[in-house]
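Taken together, the values in this text are just the output of simple stated rules run on the coordinates, not laboratory data. Because the structure is a prediction, the values reported are computed rather than measured. Cβ placement follows ideal geometry from the backbone for every residue including glycine, while neighbour counts extend to all protein chains displayed.
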């Protein structure tokens, strides 16, 4: 996972009546009664995923991939799903999994698993002091077949994504308790360390649309022991490790950044006391921000579709009293103009 939230906030199935209908693109999308809170754009559920969070879009914006726990699953597994929920497929094979992503050509998938180290301690995906050893990176076809292993060690390697041109895999690697960003070719060759910051722990990183700039979050090592509301900041860095720049400055949690396809905005999560996680949209050029979610609970793991029409996110907004679970939703952000800009 891309943060420490996973074990403390579980996930549950979506219970929203939706039917196929007109979409903002050529793909079927969820329709029905909006689950938005006051001040939000329309929010719709994706049926059938079960316990689900941290989903990312396919290149054609018609499907998502992420972690879910459905009936019969002993642990969270990698699933793909169409936005209307009519096609849901388990990709992984039953071992502990996390952090999945589509290749830009839409033909292969990237995911993390402990499948080849069954005898190692399971660890805790949400505790950086106990991340699972042997969390390796794999690729597969869309059905979870033709699996190819990219890393081969007993380290924690996860929080992975792929450059827009499909040439580089970006991921987090923990060595002796120290987290840094790394990149490698899509066949596992050519490993290069991106960040080398002794005081910061980076992770949850993605390429910006320019294919050279990376957006990431980091916390100070001295704050590692803070289990709730750990202070975090957003950074950009070039993928050769140069031009590291801190984007946010105010105290508190700035977490789970995801770039918009316009190359100018980023969605990320802020925490307001006591426990209100909301998704914000930030203009990287001006620093201007506005909230996208306004639910008094947990909203997180934002991801904007390549066409700029949808934002997937996880939320506890349908929980019953006492529940600590998440469901996956999409917000119609087509009115915000976040789609890719025409090349000059």
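Hey, how many Å between the Cα centroid of the stretch 82-125 and the Cα centroid of the stretch 225-266?
Using only Cα atoms, the two centres lie 25 Å from each other.
Return the whole-Å distance between the Cα centroid of the stretch 303-344 and the Cα centroid of the stretch 63-79.
19 Å
Quick one: 318, 323, fewest Cβ neighbours within 10 Å first, how do they rank? Present the calculation step by step, with values, prior to reporting the outcome.
Values: 318 18, 323 12.
Sorted ascending by nearby Cβ count, the order is 323, 318.
Could you work out the equivalent-ellipsoid semi-axes for the stretch 295-344, taking the square root of 5 times each eigenvalue of the Cα gyration tensor, largest first, in whole Å? If you can, show how the numbers build up before the last one.
Numbers: eigenvalues 174, 14, 10 Å².
Calculated on Cα positions only, the semi-axes equal 30, 9, 7 Å.
Considering all projection directions equally, how large on average is the shadow of the alpha-carbon convex hull of the stretch 250-301, in square nanometres? Could you put the intermediate results ahead of the total?
On the way: hull surface 14.3 nm².
One quarter of the hull surface, i.e. the mean projection, equals 3.6 nm².
Calculate, in nm to one decimal, what residue 288 and residue 229 gain on full extension: separation in residues at 0.36 nm each, minus their alpha carbon distance. Provide the component values of the computation, followed by the final result.
Numbers: separation 59, 0.36 × 59 = 21.24 nm, distance 2.30 nm.
Full extension from residue 288 to residue 229 adds 18.9 nm.
Report Rg(Cα)/(2.2 N^0.38 Å) for the stretch 269-328, keeping two decimals. List each step's numbers first, then the result.
Working: Rg = 12.7 Å, N = 60, 2.2 N^0.38 = 10.4 Å.
So the Cα radius of gyration is 1.22 times the expected 2.2 N^0.38 Å.
Tell me whether the stretch 202-344 comes out rounded, prolate or oblate; compute the Cα gyration tensor, take square roots of the eigenvalues as a ≥ b ≥ c, and use a/c under 1.5 as the rounded threshold.
Values: a/c = 2.10, a/b = 1.17, b/c = 1.79.
Note, shape of the stretch 202-344 comes out oblate.
Counting only C-alpha contacts under 8 Å and six or more residues apart, can you give the relative contact order of the stretch 297-341 as a whole percent? Before the final figure, lay out each step's value.
Numbers: 80 pairs, mean separation 17.3, N = 45.
After rounding, I find 38 percent.
If r is the Cβ-Cβ distance from residue 296 to residue 175 and R0 is 51 Å, what FRET efficiency results, to the nearest 0.05? Show your work: numbers first, answer last.
Working: r = 39 Å, r/R0 = 0.77.
Working from the Cβ atoms, E equals 0.85.
Give me 299, 180 sorted ascending by neighbouring Cβ count inside 10 Å, so fewest comes first. Don't skip to the end; give the middle numbers.
Values: 299 28, 180 20.
By the 10 Å Cβ count, ascending: 180, 299.
Compute the FRET efficiency between residue 240 and residue 33 as 1/(1 + (r/R0)^6), taking r as their Cβ-Cβ distance and R0 = 51 Å, and round to the nearest 0.05. Don't skip to the answer; put the middle values down first.
Details: r = 48 Å, r/R0 = 0.94.
Calculated value: 0.60.
Gaussian network model of the chain, Cα springs within a sub-10 Å range: biggest mean-square fluctuation belongs to which of 250, 240, 73?
250
Which of rounded, prolate or oblate describes the stretch 151-255 when judged by the alpha-carbon gyration tensor and an a/c cut-off of 1.5? Each step should come with its number before you reach the end.
Numbers: a/c = 2.13, a/b = 1.35, b/c = 1.58.
Judged from the Cα gyration tensor, the stretch 151-255 comes out oblate (a/c at least 1.5, b/c at or above a/b).
Rounded, prolate or oblate: which one fits the stretch 53-153, using the alpha carbon gyration tensor with axes a ≥ b ≥ c (rounded when a/c is under 1.5, else prolate when a/b beats b/c, else oblate)? Don't jump to the answer; show the numbers that get you there.
Working: a/c = 1.92, a/b = 1.53, b/c = 1.25.
Prolate shape, in that a/c is at least 1.5 and a/b is the bigger ratio.
Evaluate 2.2 N^0.38 Å with N set to the residue count of the stretch 54-95, then give the Cα radius of gyration divided by it. Provide the component values of the computation, followed by the final result.
On the way: Rg = 10.3 Å, N = 42, 2.2 N^0.38 = 9.1 Å.
In units of the 2.2 N^0.38 Å rule of thumb, it is 1.13.
Note the full-extension length gain between residue 165 and residue 41 as 0.36 nm times their separation in residues minus their Cα-Cα distance, in nm to one decimal.
Numbers: separation 124, 0.36 × 124 = 44.64 nm, distance 3.11 nm.
Going from the current span to full extension adds 41.5 nm.
Inverting the mean 1/r over all pairs of different Cα atoms, compute the Kirkwood radius of the chain and quote it in Å.
19.8 Å
Residues in the stretch 301-344, backbone N under 17 Å from the label point at residue 60 (7 Å along the Cα-to-beta-carbon vector): list them, ranges by number please.
Only 305-310 fall inside the zone, counting backbone N under 17 Å.
Which value in nm describes the separation of the simple spin-label points at residue 119 and residue 319, placed 7 Å from the Cα toward the beta carbon?
3.9 nm
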